[in-house]
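One structure is given below, encoded as structure tokens.
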Amino acid sequence: MKEQIDTIRREMDLIEERTGEKTTLVAVTKGRSVQMIKELRHYGIQDMGENRVQELLEKYPDLPEDMRIHFIGHLQRNKVRQVVPIAHLIHSLDSLRLAAEIDRQAERFEKKQEVLVQINLAREANKFGFYEEDIKEAMREMESFKSLDIRGFMMMAPFGSGEKELYELFSQAKLIFDYYRKSRYNNSRISILSMGMSDDYKIALEAGSNMIRIGSRIFE
């Protein structure tokens, strides 16, 4: 595990040296034990990502206190009240109805919930997220949600795509990210572009991602 983490960090360091922008590694811990997560913390990883609400709730009481929890899977509205109290960052805000529920529950818990807006630039029917033509209107409407802290965007790449197609999609997401970051949307809180997983994170980093979500590459 340590060798894999060190390799990924070296690749991240190369990008940071070239761009001057800090990158974050989120270890995807779906199906991994609490002991494995504690080992990650021992190796300096503070950010963990979970896909399933029930699994997260089962692990949560035994997690290191300073672990930052990222919820990265599709979030159903009836599970929001369970996730908001413990999530550092929700990556998968994929609809206005979900945004409204996160805002409502965050207000209930007296919290500003940090979120990423999930975008679906490949228009995959089996994936969630806003299509490109819907992003601007959605961002405008979400400005009214006072307990929602929009920090940036998240994208999942199409499975089986070639490197050229992946780079083009990641670069397209980077353009959207840059537009909102430079427009001072949300008082310049836009700072995170989460894209890249075990099979494509190198391409994502080259295209401008500053947060990658890695599971199998670390553990297997």
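Every number here is computed from the coordinates shown, using simple stated rules; none is lab data. This is a predicted model, so every value here is computed, not measured. Cβ: placed from backbone, ideal geometry, glycine included. Neighbour counts: every protein chain shown.
Values computed for the structure shown
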| read-out | value |
| --- | --- |
| Fewest-first sequence of VAL83, VAL115 by Cβ atoms within 10 Å of each Cβ | VAL83, VAL115 |
| For the chain, the longest site-free run once trypsin sites (Lys or Arg not before Pro) in DSSP loop states with at most 11 other Cβ atoms within 10 Å are removed | 23-122 |
| Residue exposure sequence - HIS74, HIS91 - by fewest surrounding Cβ within 10 Å | HIS74, HIS91 |
| Length gained when the stretch LEU14-GLU55 is fully extended (0.36 nm per residue, less Cα-Cα span) | 11.3 nm |
| Residue-by-residue Karplus 3J(HN,Hα) for the range 158-167, coefficients 6.51, -1.76, 1.60, Hz, glycine and proline x | x, 5, x, 6, x, 4, 4, 5, 4, 4 |
| Whole-Å distance, taken between Cα centres, linking the range 94-108 and the range 175-220 | 23 Å |
| The range 130-205: GluC sites (Glu not before Pro) falling in loop per DSSP and having at most 15 other Cβ within 10 Å | GLU143 |
